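I have placed the structure first, in the form of structure tokens, so that the comments after it can refer back to it.
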Amino acid sequence: MVNFLLWIIVGAVIGWAASVIMKTNNRQGLIADIIVGIVGAFVGGYFLSPLFNVSTINEGNFSIPALLVSLGGAIILLAISKLFRNVGGFVVILVIALLAYIYFNCWTMDAATAFCTSVRALPFFQ
């Protein structure tokens, strides 16, 4: 029970620090800070933990490196949410998602769909 309360408090502090860094502090309150801190720790655990070989606050690690990884994940989460607030950011995310789809599904030569065949036929892929 104490670990859960500590997790909520640390998540709130991390979410608040990330919102101050990303300048979104005036738009969100305590609940949003807690959500950003905890979900940001999940994002940090998924993207940053393998890079730095450090666990996050979601795994019960409350060390300084774990707090920094969780803060980095919260900043990434707020940066993505800021991108979705305007149309240009949405288009950028859509193009990145389309390129990732093409790369992961059509890069292998055994993909025989018409779309993948036409993508591999483009001149800059030859």
The lone exception for residue 74 - which of (1) in the same structural domain as residue 7 (by TED's automatic domain parsing); (2) modelled with pLDDT under 75 it fails: (2)
Would you check if residue 20 is of a type in the set (A, V, I, L, M, F, W, C), in a helix (DSSP H, G or I), out of contact with any Phe, Trp or Tyr (no Cβ under 8 Å at 6 or more places or on another chain) and modelled with pLDDT of 80 or more? yes
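Matching residues to (1) in the same structural domain as residue 70 (by TED's automatic domain parsing); (2) surrounded by fewer than 13 Cβ atoms within 10 Å (Cβ to Cβ); (3) not aliphatic (A, V, I, L, M):
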| position | (1), (2), (3) |
| --- | --- |
| 20 | yes, yes, no |
| 25 | yes, no, yes |
| 31 | yes, yes, no |
| 35 | yes, no, no |
| 38 | yes, no, no |
| 43 | yes, no, no |
| 50 | yes, yes, yes |
| 53 | yes, yes, yes |
| 58 | yes, no, yes |
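For segment 85-94, does any single residue satisfy the condition of being closer than 23 Å to residue 3 by Cβ, exposed (fewer than 13 other Cβ atoms within 10 Å of the Cβ) and out of contact with any Asp or Glu (no Cβ under 6 Å at 6 or more places or on another chain)?
No, every residue in segment 85-94 fails to be closer than 23 Å to residue 3 by Cβ, exposed (fewer than 13 other Cβ atoms within 10 Å of the Cβ) and out of contact with any Asp or Glu (no Cβ under 6 Å at 6 or more places or on another chain).
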Is it true that residue 6 is under 17 Å from residue 59 (Cβ atoms) and assigned by TED's automatic domain parsing to the domain that holds residue 68? yes
Given the criterion of a type outside the set (D, E, K, R) and within 30 Å of residue 119 (Cβ to Cβ), identify the matching residue among 65, 50. 50
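The values are calculated or read from the model by the stated rules, or taken from the named source; none is laboratory data. Being a predicted model, the structure only gives us computed values, none of them experimental. Neighbour counts run over all protein chains shown; Cβ positions are idealised from the backbone, glycine included.
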